[in-house]
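Undergrad: Below is a structure I'd like to ask you about.
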Amino acid sequence: MNKNNTDTDADPQPNTVCKGPLEPFKQSNAPFIYVSDWATLPEVLRSLLADKEELDRKQKELLNWYHNFKLTAITNFENDLAKAWNLE
């Protein structure tokens, strides 16, 4: 991941009871920057790029989250396989 990049995504279903595609990430407290309107993105990025320490902190937080997210996904997958094959 380039130091000048951060994960940003518009929330496709704000204020609804339906689970959207971002729900697993939100439930896992993914340190993404969510915007409700793409028009606000330039200002969000300007603000983020103006503070190098904050940008570095967010990058480290994202890398740590991703590492844990992958470990959890792998563990869940392995547990599901073990149950399916009665290996527990």
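The values are calculated or read from the model by the stated rules, or taken from the named source; none is laboratory data. What you see is a predicted model, and the numbers here were worked out from it, not measured in a lab. Here the Cβ positions follow ideal geometry from the backbone for every residue, glycine too, while neighbour counts run over all protein chains shown.
Undergrad: Considering only residues that are among the charged types (D, E, K, R) and part of a helix (DSSP H, G or I), look in segment 51-65 and name the one that is surrounded by the most Cβ atoms within 10 Å (Cβ to Cβ).
TA: So the first thing to find is which residues in segment 51-65 are among the charged types (D, E, K, R), and the list is 51-54, 56-58, 60-61.
Among the residues that remain, those that are also part of a helix (DSSP H, G or I) are: 52-54, 56-58, 60-61.
Details: 52: 11, 53: 7, 54: 12, 56: 11, 57: 12, 58: 17, 60: 11, 61: 14.
Out of the qualifying residues, it is 58.
Undergrad: Mind listing just one residue for me: the one in segment 16-33 that is more than 9 Å from the chain's Cα centre (by Cα) and at pLDDT 85 or above and, of those, farthest from residue 71 (Cα to Cα)? If you could, list the steps in order and put the result at the bottom.
TA: Here is the first cut: in segment 16-33, the residues more than 9 Å from the chain's Cα centre (by Cα) are 16-21, 23, 27.
Checking the rest, the ones that are also at pLDDT 85 or above come to 20-21, 23, 27.
Details: 20: 23, 21: 20, 23: 18, 27: 16 Å.
That would be 20.
Undergrad: Sticking with this structure for a sec: Filter segment 20-50 down to the residues that are part of a helix (DSSP H, G or I) and acidic (Asp, Glu), then identify the one that is nearest to residue 72 (Cα to Cα).
TA: Of the residues in segment 20-50, the ones part of a helix (DSSP H, G or I) are 23-27, 38-49.
Remaining after also requiring acidic (Asp, Glu): 23, 43.
Details: 23: 16, 43: 34 Å.
Applying the filter and picking the extreme gives 23.
Undergrad: Can you find even one residue in segment 60-73 that is closer than 18 Å to residue 28 by Cβ and of a type in the set (Ser, Thr, Tyr)? Break it down into steps so the answer makes sense when it comes.
TA: As a first pass, look at segment 60-73 and keep what is closer than 18 Å to residue 28 by Cβ: 60-73.
In the following step, the residues that additionally are of a type in the set (Ser, Thr, Tyr) were identified as 66, 72.
The answer is yes, given that some residue of segment 60-73 is closer than 18 Å to residue 28 by Cβ and of a type in the set (Ser, Thr, Tyr).
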